[in-house]
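Participant: Once you've had a glance at the structure underneath, I'll fire off some questions.
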């Protein structure tokens, strides 16, 4: 009987731990059109993260030091729509995603990784235009200085 109760408590504790981890996860869009719709609905700017997920050391470092931290997760969930634009060497992507990412790379003249552009989707005669609010990249010091810099880019002047 004690073994049954102990086993049940362990399973319950494990499931609660999993629920807490899942709760803090962020929603990263890979489809820019879907992200634009969400940004227009929520009236939040989009954060375009240009990365090389399977080869870019600075991209991985930015994620570990900033994007995976609770401070960033809290700030991002309240303030931006996250979009990952990946340029992997060996990770498989659909042709549509590759085309979309290459088009945006050219549009924003991205030449190095990681590069982050903050944009505001605005309706135009041609559909939706992404108005560039500013850009940044890796910054040492953890989430606090990175977030402060991001706020200075996205807040209206």
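The values are calculated or read from the model by the stated rules, or taken from the named source; none is laboratory data. Note that the structure is predicted; figures quoted are calculated from it, not measured. Quick reminder, even Gly has a Cβ in these numbers, built from the backbone with ideal geometry, and neighbours come from all protein chains shown.
Participant: Could you go through the range 26-46 and let me know if any residue there is modelled with pLDDT under 95 and assigned to a helix (DSSP H, G or I).
Facilitator: Looking through the range 26-46, none of the residues is modelled with pLDDT under 95 and assigned to a helix (DSSP H, G or I).
Participant: Considering only the range 53-123, give the helices (runs of 4 or more DSSP H) lying wholly within it that have at least 2 residues that are surrounded by 13 or more Cβ atoms within 10 Å (Cβ to Cβ) and touching a strand residue (DSSP E or B) at 6+ places or on another chain (Cβ under 7 Å).
Facilitator: The qualifying helices (runs of 4 or more DSSP H) are 95-107.
Participant: I've got another one for you. What's the number of the condition residue 147 fails, among (1) assigned to a helix (DSSP H, G or I); (2) exposed (fewer than 15 other Cβ atoms within 10 Å of the Cβ); (3) touching a helix residue (DSSP H, G or I) at 6+ places or on another chain (Cβ under 9 Å)?
Facilitator: All conditions are met except number (2).
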